[in-house]
Amino acid sequence: MNVIILAIESSCDDTSAAVIRNGEVLSNCIANQEVHRQYGGVVPEVASRAHQANIIPVVNLALQKAGIGKEAVQAVAFTRGPGLLGSLLVGTSFAKAFALSRGLPLIEVNHMQAHVLAHFAEDPKPAFPFLCLTVSGGHTQIVLVRDFLDMEVIGETLDDAAGEAFDKSGKLLGLGYPAGPLIDKFARQGEARFPFPEPSVPGLNFSFSGLKTSILYFLKKEMGNDPDFIEKNLNDICASIQTSIITILMKKLRKAARQTGIGEIAIAGGVSANSGLREALEATGKKEGWKTYIPAFQYCTDNAGMIGVAGYYKYLKSDFCGQDAIPFAR
Ligand code: KG4
Ligand code: ZN
């Protein structure tokens, strides 16, 4: 069977389109919305408007890069949620219009499932069952993945997501948005010499709001003694914040692996681009005897390639949706 899918992702602030042939990503194009930087976070209405401007050019680019004409597309996959409603509406409406005008089946994709299935865009692919720590700006989950479309969330954050912890801490330090990649960069040159208390959360769940508060109080106190404290110690503060977040994540991941007896361990989502987390996974994997899986950078942060891969496995099951599918926020 030869199946070509056009995939659309517009859940947050990146407009992305991809072309997938038989599960293989031929093109994966992303229009980043730099406009949010000046506000220190994503402004939902600004995001929807930018998606509206970007969607046609990014789809045309994806088709062109894949060397595929519109007439060759056999199905359209789109992110239905979770995400920002105004942003999701742009991708959803585009996907519906494209499918309607060409008489094609529509495939709705769950954004979090797609982050997990990003692991099937390239080799090496994890074997079932595996555990996936999905860490993004909006979610932090440990997912037990039994099959392509059979997943169970066995742990999640009770408050902030790991990416949010990076971004909010970065804001306290006066860093731009998103702060995750910047903290990563500064942390590489620093030493984690400022300890922050670890939250005590039962089971496999996470909490990051306490960390944000302790960073706030720590900075207030130190700045009271020396107004240039952040400037003088930026690398070490970033290394300390990053180490704290990674410690919280890895502790629960180890617990989940021991509890389930599963040794195939993956990470996914925007925060899986973090160099410290990638190193920690490899190091812990060696110690614990895990086989570890880390996606290529282009499949970590939001991208339509992962939506297309998820769409492909739904296509194989004829799991289509109607024109009445509406986006969901969470
Ligand atoms: O998956 P994603 O692109 O979008 C959501 O679905 O939320 O994740 C975005 C998040 C942001 O919070 C960003 O700061 C974080 O991923 N992020 C990173 C890194 N790259 C992106 N966090 C830490 N280190 C990085 N290198
Ligand atoms: Zn995401």
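Each reported figure results from applying straightforward, stated rules to the coordinates on display, with no laboratory input. It should be emphasised that the depicted structure is a prediction, and the values quoted were computed from it without experimental measurement. Using ideal geometry, Cβ is built from the backbone for each residue, glycine included, and neighbour counts are taken over all protein chains shown.
Assorted remarks:
- Protection proxy ranking, peptides 257-265, 72-80, 8-16, average beta carbon neighbours within 10 Å, highest first: 8-16, 72-80, 257-265
- Crossing angle, helix 162-172 versus the chain [Cα axis fit, 0-90 degrees, rounded to tens]: 50
- Between the helical axis of 229-260 and the longest alpha-carbon principal axis of the chain there is an angle of about 60 degrees.
- Exposure proxy shown here: for 125, 96, 65, the number of other Cβ atoms within 10 Å sets the order, fewest to most, as 125, 65, 96.
- Spatially proximal lysines relative to residue 317 (Cα-Cα < 21 Å; intrachain offsets below 8 disregarded): 96, 125
- Unit charges on C-beta of K, R, D, E only; dipole of the range 124-295, Debye: 360
- Within the same chain, aspartates and glutamates fewer than 8 places from residue 220 are excluded, and of the rest, those with a Cα less than 16 Å from its Cα are 228, 231.
- Subtracting the Cα-Cα distance of residue 259 and residue 3 from 0.36 nm times their residue separation leaves 88.2 nm of extension gain.
- Each residue in 215, 307 was given a count of other beta-carbon atoms within 10 angstrom of its own, and listing them fewest first yields 215, 307.
- With the charge dipole of the chain set up from +1 on Lys and Arg Cβ and -1 on Asp and Glu Cβ about the Cα centre, the Cα lying farthest toward the positive end among the listed residues 98, 270, 295 is that of 295.
- Percent of Cα pairs exceeding the 27 Å cut-off, where the set is the chain: 45
- Total charge dipole magnitude, the chain, about the Cα centre, Cβ charges on Lys, Arg, Asp, Glu only, Debye to nearest 20: 280
- Alpha-carbon centroid distance for the pair the range 32-103 / the range 177-247, whole angstrom: 35
- The residue among 203, 127, 223 whose Cα reaches farthest toward the positive pole of the charge dipole of the range 124-295, with charges on the beta-carbon of Lys, Arg, Asp and Glu, is 127.
- Distances between every pair of Cα atoms in the range 225-304, grouped in 10 Å steps from 0 to the bin holding the largest one, split as 17, 40, 27, 12, 4 percent.
- Fewest-first sequence of 309, 201 by Cβ atoms within 10 Å of each Cβ: 201, 309
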